């Protein structure tokens, strides 16, 4: 039986500290009935901004992403949030266009400094976008936002929530395989929702290839057979529906896209929610 106490007894609202393309705050707000009430561990292999984790606030979790800089940022908050906060206050004071590009050009070995840099760039770059070049160097230009410190920041609370979480840098398949009976697996892979033809494949060739989509569907089916509770979001695409239609429930949902640079690609979009 799933444990009844995996949620924190007293849950104060926690706002994700990162802006992330494809973040799932809207899913929590508009479709709360899709999330299980009881489960053992919470497992998320594509962490991003962690909106679902911060909403559920589970006592035990495995949080993972292939992006090492992202996971190291969570590690920095978990282990030494005060130091990260103090560096961010300096960034807030010194922020300018020249300063942004100076920090963007630097790399830091210390966890706290790397975490602060990541948060600073996320909050002041163009539209909160995370993008690297072929050499793996972050190359997003400066944006219009100037606030490095936000009134929603509560790194102390975030740090406490992360104490019960294992933070891993890993391919998604390894993490999905860790899920056991009555664990809750939330899966939000990279995808586009504006194209229902070859634009879908073209976009994902740079992020998450079609072979990865097939591999994901196969390991989610294996997890379902182990008794794992699964909620997966994906593109509203005929090929995706074919991958899951015989083994999962599928629901089309609406969300509003604001991350696109071209306003023609913003607006209401349909996505798929695939669940057990």
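Quick check: anything in segment 57-68 surrounded by fewer than 22 Cβ atoms within 10 Å (Cβ to Cβ) and at positive phi? Within segment 57-68, one or more residues are surrounded by fewer than 22 Cβ atoms within 10 Å (Cβ to Cβ) and at positive phi. Taking segment 87-199 and the helices (runs of 4 or more DSSP H) fully enclosed by it, the elements with 2 or more residues that are in contact (Cβ under 8 Å) with a residue 40 or more places away in the chain and buried (at least 19 other Cβ atoms within 10 Å of the Cβ) are at 111-124, 155-162, 172-176. Taken over segment 55-69, the residue count meeting the criterion of being in contact with a helix residue (DSSP H, G or I) (Cβ under 7 Å, 6 or more places away or on another chain), part of a helix (DSSP H, G or I) and closer than 15 Å to residue 16 by Cα is 1. Output yes when any residue across segment 201-211 is closer than 17 Å to residue 31 by Cα, surrounded by fewer than 18 Cβ atoms within 10 Å (Cβ to Cβ) and at pLDDT below 95, and no when none is. No, because not a single residue in segment 201-211 is closer than 17 Å to residue 31 by Cα, surrounded by fewer than 18 Cβ atoms within 10 Å (Cβ to Cβ) and at pLDDT below 95. Given the structure, is residue 52 out of contact with any strand residue (DSSP E or B) (no Cβ under 9 Å at 6 or more places or on another chain) and crowded, with 23+ Cβ neighbours inside 10 Å? No; evaluated as a whole, the condition is false for this residue. Going by the conditions given, is residue 85 under 20 Å from the mean Cα position of the chain (by Cα) and within 18 Å of residue 17 (Cα to Cα)? No, not satisfied.
Of all the numbered requirements in (1) closer than 26 Å to residue 16 by Cα; (2) out of contact with any helix residue (DSSP H, G or I) (no Cβ under 9 Å at 6 or more places or on another chain); (3) modelled with pLDDT under 95, residue 190 misses one, and that requirement is (2).
The values are calculated or read from the model by the stated rules, or taken from the named source; none is laboratory data. Since the model is a prediction, treat every value here as computed from it, not as a measurement. Reconstructed Cβ throughout: ideal geometry from the backbone, glycine too, with neighbour counts over all protein chains shown.
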